[in-house]
Each structure stands twice: as structure tokens, then as C-alpha cells.
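Worksheet: the structure to be examined is printed underneath.
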Amino acid sequence: MKIYSIITLLIFASIGISGQGIMERIKLTADDTETEKFDRIAIDLKTDQWLNAPKGVKTELYSIGVSAFFYKDLPFTEKSNIAFAFGIGLTSDNIHHTGIFKTSSNNPENKSYTSLVPYNKKYRINKITLNYIEVPIELRFRTMNKSLEERQRFNFRFYPGFKVGYLMGNHAKLTDDITKIKVYRTPNTLPYRYGPTLRIGFNKISFVAFYSLTGIFEKGKGDELNTFSLGISWMRF
């Protein structure tokens, strides 16, 4: 998938920058006069779940998704332990489940409606992938130690936030021992989503969570499937 290729390039680019020892060429002392900025790159590895899946349908724990963000970190003052941040990035939700999507118009208004119903046949892969471009914002609280070098490596992070995303594309995939079915642009999917986020952690590794206040389908045109994500975040620079 194109989005995974982009995210992979971002990961290797950030690792490459670190390998060049760019931070070692900067004088890291508590007497620096420039405003201290942190965590401008974030890579999230997460599991995506539906909290309100229909009866008889469940999501799998191995529903692994990935996100990559670039942030603008804006401390309130020089050497402040409070900052505001906003950014842009890409997210891919990859939800494995035990259902199948069906679209019909058997209702009084004759409107198209997409529902998720149990799928009782054997399969090897059954998932839906949704790719978003997203704009996150965060209010950042972090501890500050004596030197800037210590602050770069050993600070505690508590980052509540919010993000808005635009759906760039989606597809459903169903594979068994005989056939492989891939359906692009599942009908009635909502073209946007938004919801609260949270990062809590130490050093470069944090716990990350997100809850979508919107379902994946337009209201009244599909089952209410709200996504909840939990995972690990790696943050640098």
C-alpha cells in the first residue's frame, strides 16, 4: 500500500538523521537561550478495534495500524515544561473482523444502507483498511531536569489532544483457500473523522490512545462503528 511505503520512508529518514549524530553537533547545556522544542516526529504502532460491533461480529487483537506525524512544538516560554503542538500526518487503520459488509436499500426511504453482518464461512484474511490524512493538536506537559541533554532523554510526557482526519481511501479484503475478493470504496463511508487523543510515557516511548467520535459510515446510512485505538508511540527531536 502506498501509505505504508510513505510511513516506512519517514521511519528510515528519522533513523538516518539520528545516525548522522546531528544532536551531537549541537551544544546541549542548560544555558542555551533558544526555546527548547521536543517530539516533532511521532510514529505510532497500534491496534484498532470497534467498541460497538453488531452482535455476532468481533474484531481481532492483531488489527495492527500505523501512523506517522510531523509536529510543530511551541513551548509557552523558554525552557517551559508546557507546550502547544500541532501537526500533519498519515494514519492507516487495518481492522480484522469476523463479519462482512452488505449494502441494500430495503427501507421505507429507499436509501442505500451498509451493514456489518456475521460471516460464518472459513477464511484466511477478512479486514477493512481505512487511510486518513490527519491534523492533530496537543497540549503538552513534561518534566524538566537539570540539563537540556537530560531533558531530551529522560522527561515524562503527558500529551492530551485532539485530531481531525480526512478519508483518502478504503478497501475491504476477504480471502479464503479458493478466492480473493477486494472491494474498494465501501459504500456510505464517512469522508472524515475526529476525536480525542492521549500520549503518556517516558523518554522516547509513549502509550497512545484515540477514540473516534464519528463512525466509519454516514449517519443513517450504515451501522455505527466507532474506532478505538491503543498502541505504542516512538517520538524524536
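What follows draws every value from the coordinates through simple rules; no lab data is involved. The model shown is predicted, which means the values in this text are computed figures rather than measured ones. Glycine gets a Cβ as well: all are built from the backbone with ideal geometry, and neighbour counts include every protein chain shown.
For the range 113-139, backbone nitrogen atoms closer than 18 Å to the point 7 Å from residue 183 Cα along Cα-to-C-beta are found at 113-131.
Once the Cα-Cα distance is subtracted from the 0.36 nm per residue extended length, the residue 52 to residue 79 segment shows a gain of 5.4 nm.
Straight Cα distances below 23 angstrom link residue 72 to the lysines 27, 37, 46, 163, 204, with same-chain residues fewer than 8 positions distant left out. For residue 55, a cut-off of 19 angstrom between C-alpha atoms picks up these lysines, skipping any fewer than 8 places away in its own chain: 102, 121, 122, 127, 221.
Among 76, 69, 156, a tally of other beta-carbon atoms within 10 Å of each Cβ gives an order, fewest to most, of 76, 156, 69. The separation of the range 197-234 from the range 40-115, counted between C-alpha centres, amounts to 5 Å.
The peptide list 213-222, 175-184, 129-138, put in order of mean Cβ contacts within 10 Å with the highest first, becomes 129-138, 213-222, 175-184.
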